[in-house]
Amino acid sequence: MLVALDLEGLTGVNPEALDAWRRRHAPTGELGRDHYRPMALADLMEAVNGELFLATARTASADALAAFALDRGGALLAEIRAELAGGAAHVSLVTARARRFADVLGIAYAPALLDELAKLHVVEHLMGLEHAVVQWIRTTTEPPTGELTALAKQLPSDRVSAGISKAWFFWWWRLARSCTRPDLKTIVDRAVELAQTECRYGTKLVVAGDACAEAIQMAARFALAPEGRMWAEPPHGDFDPGKLVRDDTDAHYAAYMALSHAAHAIAAALRADMDPGEANRHAMQMLAELAIELLRQARA
């Protein structure tokens, strides 16, 4: 875990300034607990050496990036609008902050755009900057069309149970990275509803009802889970979804289990009309198609 240091009163990041600060604030050579904490994406906007750690933003979840875009983007828009209203005395400062904001979000075309805006009259510069920041926020907080199109063409196709299928897990990992937690909640809730409907009119196998009950329980845990870790990093090559360790504090784990149990329930209901392997494959694709459609509706 990266650590952010809050060294109030530090005049510069160099050996002399650090030694002077340490003599005054940490004479024993140890920092107090209030001086450090886990790094957040917002720290990349303020840290004097934040540009050295921009790569960490590439591993952030969609939720984390969306929260950063809304929070820091809103503050940046307020600064730009204050400059428009107050005489534009600090255009270079807000431009530099906009550049860092775009760097954190990974907006590839931002440097060229900002260079072009700098050639304009100061008011046009600020108005263009405001429009760009609004677009960057929107781009980050809405599901990317390209990824959704790719996922729709590559639906999970596996004849094994969802709980042990790598294809199923990797597909949901990609989709979860493309949506925010509210989007994911909508998908989980609708998946559970679909499983309940299929079980109501499908097979009477006990396993279907049990899987529906598990899906409902995991969906409830997802709504309350405070963390989101499992889908934050790409799964390693020898990853085995069948050996996942239960974690009731992880929203990603709860969402995945709710979706997998929903797939189990639907597959059990479909076995009345098809063999088990085909039922598993069809159940996965029903839920994947539902998720894609819900995200497209949210974007529209």
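Things worth noting here:
- Only residues that are more than 28 Å from LEU52 (Cβ to Cβ) and free of Cβ contacts under 8 Å to residues at least 12 places away in the same chain were counted in the range 104-127, giving 4.
- Per-region count, the range 1-50, residues within 32 Å of the chain's Cα centre (by Cα) and not in a loop (DSSP other than H, G, I, E, B): 14
- Scope the range 125-168; condition at pLDDT below 85 and more than 21 Å from the chain's Cα centre (by Cα); matching residues: none
- Residue-level analysis places ALA64 outside the set of residues that are assigned to a helix (DSSP H, G or I), modelled with pLDDT of 90 or more and under 30 Å from PRO234 (Cα atoms).
- Scanning the range 51-61 for residues that are more than 18 Å from the chain's Cα centre (by Cα) and either assigned to a loop (DSSP other than H, G, I, E, B) or of a type in the set (A, V, I, L, M) (or both) yields one hit, LEU52.
- Candidates are the residues of the range 228-256 that are aromatic (Phe, Trp, Tyr) and modelled with pLDDT under 90; the one that is surrounded by the most Cβ atoms within 10 Å (Cβ to Cβ) is TRP231.
- Qualifying residue in the range 88-96 (condition: in a helix (DSSP H, G or I) and within 27 Å of ASP183 (Cα to Cα)): no
- Any hit, the range 170-178, residues being farther than 23 Å from THR59 by Cβ and either among the small types (Gly, Ala, Ser) or outside the structural domain of ARG81 (by TED's automatic domain parsing) (or both): no
- Counted as qualifying within the range 160-257 are the helices (runs of 4 or more DSSP H) with 2 or more residues that are of a type in the set (Ser, Thr, Tyr) and out of contact with any Gly (no Cβ under 9 Å at 6 or more places or on another chain), namely 181-201.
- Close Cβ contacts (under 9 Å, 6 or more residues apart or on different chains) running from residues in the range 20-39 that are touching a residue at least 24 places away in the same chain (Cβ under 8 Å) to residues that are of a type in the set (Phe, Trp, Tyr) comprise MET39/PHE53.
- Members of the range 242-276 that are touching a residue at least 60 places away in the same chain (Cβ under 8 Å) and over 19 Å from ALA195 (Cβ atoms): GLY242, ALA251, HIS252
- Qualifying residue in the range 116-126 (condition: in a loop (DSSP other than H, G, I, E, B), in the same structural domain as ASP71 (by TED's automatic domain parsing), aliphatic (A, V, I, L, M) and over 30 Å from ALA283 (Cβ atoms)): yes
- Here ALA225 passes the criteria (1) surrounded by 15 or more Cβ atoms within 10 Å (Cβ to Cβ); (2) closer than 21 Å to LEU295 by Cα except the one numbered (2).
- Just one of (1) at pLDDT below 90; (2) surrounded by 12 or more Cβ atoms within 10 Å (Cβ to Cβ) fails for ALA89. It is (2).
The values are calculated or read from the model by the stated rules, or taken from the named source; none is laboratory data. Quick caveat, the model's predicted, so the values are computed rather than measured. Positions of Cβ are backbone-derived with ideal geometry, glycine not excepted, and every protein chain shown enters the neighbour counts.
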